[in-house]
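What follows is a short report on a single structure.
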Amino acid sequence: MTQPLQLPKIIHRNFKSGLKCDKCSSFNLEALSSSLAVCLDCRHIDNLERLLRHYFTMLTLCNRPLTLKKKEIHQEIGVQLTSYTLQKYINLLFSKKSKHAQYYTYKL
Ligand SMILES: [Zn+2]
């Protein structure tokens, strides 16, 4: 099996990975539904799509276009999502080269 060449194993960045609360900067977020997340520290409720776009745009601007496997995207987000919700946002925010490709690229 051949591996794609340019995949970073560790993405260099100077901030902790995972979605973060806009109000109190806590990483302690939980999905409320397929579209909302709540901060468990300050109870601030935010839109998941907005948080995800902001987060992956930040990563892309700090590094390079992101190419990740589905599992790695989920790890990166740091919030437990159902497979339905995860797939929903991957379809919305990422693209892949072919139907059967394992790697997704963030669409800036
Ligand atoms: Zn908060």
Here is a list: N63, N47, N91. Which entry is at pLDDT 95 or above and under 22 Å from K16 (Cβ atoms)?
N47
Going through segment 25-68 one residue at a time, which ones are among the polar types (S, T, N, Q) and either under 17 Å from Y89 (Cα atoms) or more than 15 Å from the ligand (Cβ to nearest atom) (or both)?
S33, S34, S35, N47, T57, T60, N63, T67
Looking only at segment 70-108, which residues are among the hydroxyl-bearing types (S, T, Y), exposed (fewer than 15 other Cβ atoms within 10 Å of the Cβ) and farther than 30 Å from L40 by Cβ?
S95, S98
Would you confirm whether any residue within segment 26-42 is within 19 Å of K107 (Cα to Cα), surrounded by 14 or more Cβ atoms within 10 Å (Cβ to Cβ) and in contact with a His (Cβ under 9 Å, 6 or more places away or on another chain)?
no
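The values are calculated or read from the model by the stated rules, or taken from the named source; none is laboratory data. Bear in mind that the values here come from a model prediction, so they are computed numbers and not experimental data. In this analysis, Cβ positions are derived from the backbone assuming ideal geometry, glycine residues included, and neighbour counts consider all displayed protein chains.
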